[in-house]
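See below for the structure under consideration.
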Amino acid sequence: MKHIVIIATLLASVFMSSCKEQENAPAALDVIMARTSIRSFTGDPVSKDQLETILKAGMAAPTAMNVQPWRFVVVTDKEKIGNVFGTGPRSGMFNTAGAVIVVCGQTTFMRRPFGQPDAPETEQPNIFWYEDCSAAAENILLAATALGLGAVWTAGYPAEERIAPIAEALGIPVGVVPLCIIPVGVPAENPAPKDKWKPENIHWEQW
Ligand SMILES: Cc1cc2nc3c(=O)[nH]c(=O)nc-3n(C[C@H](O)[C@H](O)[C@H](O)COP(=O)(O)O)c2cc1C
């Protein structure tokens, strides 16, 4: 009986602490609605723990056939950030960021022909790579918001003139394409999220 009481007390305390964590965590919908592009940062660093949490969120995204084509290059070295990203027209947001995450996609994957379990795997194009990586990128933006950080999606693919110099500077191999470049940092601005709710963009039951 004594043992049962002890086990029940332990279970209750684990349950209570997990409830408390959920209470303290901002609700998912609040984070989604609060996210907005942040383009000015204080220059303060973003910790490795924070970056790993953000990347974990990226890798939790849905992915066609569970291929997980995302690859990430994370740059935290200020000088390198300046050299690789900090020279263009909107370089301020990179030069003040604590880190830059380049969300890349592996454009091919290894697969057996359908219905042939004994056939050898061959390299196939993955036509879904940029959808999967876009989902990962959005999760990254949301996770940054949830941690009280700021971030913005800046364009990579398909703008060849944007991706070629970055791929070269970071040694990104052929077949892996930078989809977007996300500076992450402590916000130095506090813009209100844009209200994009437009009921006219919804067609209920039929267009
Ligand atoms: C595919 C894509 C490309 C974007 N490229 C850039 C960019 O190159 N530079 C930039 O400052 N913002 C860029 N953005 C951010 C958009 O400008 C921003 O999401 C949009 O204005 C809506 O504002 P919000 O993010 O604050 O809701 C991009 C967003 C997407 C989804």
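FYI, it's all coordinate maths here, none of it is from the lab. Only a predicted model underlies this, so the values are computations on that prediction, with no experimental measurement involved. So basically every Cβ, Gly included, is an ideal-geometry build from the backbone, and we count neighbours across all protein chains shown.
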In the Gaussian network model of the chain, springs joining C-alpha atoms below 10 Å, which of Ala60, Ala146, Ala99 carries the largest mean-square fluctuation? Ala60
Label-point separation, Asp118 to Lys80 (7 Å along Cα→Cβ), nm: 4.8 nm
With 10 angstrom as the radius, rank Val67, Val75, Val184 by how many other C-beta atoms surround their C-beta, starting from the fewest. Val67, Val75, Val184
Just to confirm my numbers, what's the Cα centroid distance between the stretch 111-127 and the stretch 65-95 in Å? 33 Å
As a check on your grasp of the helix formula, calculate [θ] at 222 nm for the chain: sum -39500 (n - 2.57) over DSSP H runs of n ≥ 4, divide by the residue count, round to the nearest 500. -12500 deg cm²/dmol
FRET efficiency for Met33 and Trp204 from the Cβ-Cβ distance with R0 = 22 Å, rounded to 0.05, comes out at 0.50
Cα-based Rg/(2.2 N^0.38 Å) for the stretch 140-207, rounded to two decimals, is 1.57
When each of Lys56/Lys80; Lys78/Lys196; Lys48/Lys80 is checked by Cα-Cα distance, pairs over 27 Å: Lys78/Lys196
List the longest stretch of the chain that has no exposed loop site; here a site is one of the GluC sites (Glu not before Pro) assigned by DSSP to anything other than H, G, I, E or B, with at most 15 other Cβ within 10 Å. 1-120
Here the Kirkwood hydrodynamic radius of the stretch 70-118, Cα-based and in Å, equals 13.3 Å
Give the distance, in whole Å, between the Cα centre of the stretch 25-45 and the Cα centre of the stretch 140-161. 11 Å
Counting other C-beta atoms within 10 Å, which of Ile127, Ile32, Ile101, Ile166 has the fewest, and how do the rest follow? Ile127, Ile32, Ile166, Ile101
Among the DSSP H helices of the chain, those whose Cα atoms extend at least 27 Å along the helix axis and whose mean Kyte-Doolittle hydropathy is 0.0 or higher are 2-24
Per 0.36 nm of contour for each residue apart, how much would the distance between Asn95 and Glu52 grow if the chain were fully extended, relative to their Cα-Cα spacing? 13.4 nm
